[in-house]
1. How many residues are touching a Gly at 6+ places or on another chain (Cβ under 8 Å) and surrounded by 15 or more Cβ atoms within 10 Å (Cβ to Cβ) if we restrict to segment 34-58?
2. All but one of (1) in a helix (DSSP H, G or I); (2) modelled with pLDDT of 80 or more hold for PRO48, so report the exception by its number.
3. It is to be established whether one or more residues within segment 18-29 are of a type in the set (D, E, K, R), more than 16 Å from the chain's Cα centre (by Cα), assigned to a helix (DSSP H, G or I) and under 26 Å from ARG125 (Cα atoms).
4. In segment 139-149, how many residues are touching a residue at least 24 places away in the same chain (Cβ under 8 Å) and either in a helix (DSSP H, G or I) or surrounded by 17 or more Cβ atoms within 10 Å (Cβ to Cβ) (or both)?
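The values are calculated or read from the model by the stated rules, or taken from the named source; none is laboratory data. Since we're looking at a predicted model, the values are computed, not measured. Note: ideal-geometry Cβ built from the backbone for every residue, glycine included; neighbour counts use all protein chains shown.
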Amino acid sequence: MSAADRNLTTAHAEVKAEIARTDTKTGLLLAFVGAVLAGAWTVARDLPLNFPAHVVGGVGMVLLVAAAGLLLRSVRPNIKGRHGFPLWATLTAEEIAATLSEDTLSADIAGLSRLAVAKFTGLRRAVDLTCAGGALLALAAVIAVGGAR
């Protein structure tokens, strides 16, 4: 195996590992957002909230739901992808052999890298929304407990 082939193989493995790490982070954040939403709903349902607390808390909940939507979109399978399983499922045995005989590793690295960047961008936006939503829920709690009436 030449140095170029080793470098391509290393880059390919690195991109796939980054996608796996991003998907793991996304799954953990999705579980956290779900727990915060459930907890906030339970607490808000049992407390007498004033109008400002309802508004601020409602906006916080909307931001958390938007974050959950971004996270779900980030991990949504891409069935129409050009590489991997969807491609193999559409080819005959002869076409698979012909495709594998071509050197498509560079194209696969480029496609996977774009996918990784898109996933990472969605995750980053969801983290920002989660922070903003959590801050608004905390503010709503402060308003409800001792705040503006």
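1. At the first step, the residues of segment 34-58 found to be touching a Gly at 6+ places or on another chain (Cβ under 8 Å) are 36, 40, 44, 49-50, 52-53.
From what's left, surrounded by 15 or more Cβ atoms within 10 Å (Cβ to Cβ): 36, 40, 44, 49, 52-53.
Summing the residues that are touching a Gly at 6+ places or on another chain (Cβ under 8 Å) and surrounded by 15 or more Cβ atoms within 10 Å (Cβ to Cβ) in segment 34-58 gives 6.
2. Failing condition for PRO48: (1).
3. Initial filter on segment 18-29 (of a type in the set (D, E, K, R)): 18, 21, 23, 25.
Checking the rest, the ones that are also more than 16 Å from the chain's Cα centre (by Cα) come to none.
The answer is no, given that none of the residues of segment 18-29 is of a type in the set (D, E, K, R), more than 16 Å from the chain's Cα centre (by Cα), assigned to a helix (DSSP H, G or I) and under 26 Å from ARG125 (Cα atoms).
4. Within segment 139-149, the subset touching a residue at least 24 places away in the same chain (Cβ under 8 Å) is 139-141, 143-144, 147-149.
Adding the requirement that they be either in a helix (DSSP H, G or I) or surrounded by 17 or more Cβ atoms within 10 Å (Cβ to Cβ) (or both) leaves 139-141, 143-144.
Final tally of qualifying residues: 5.
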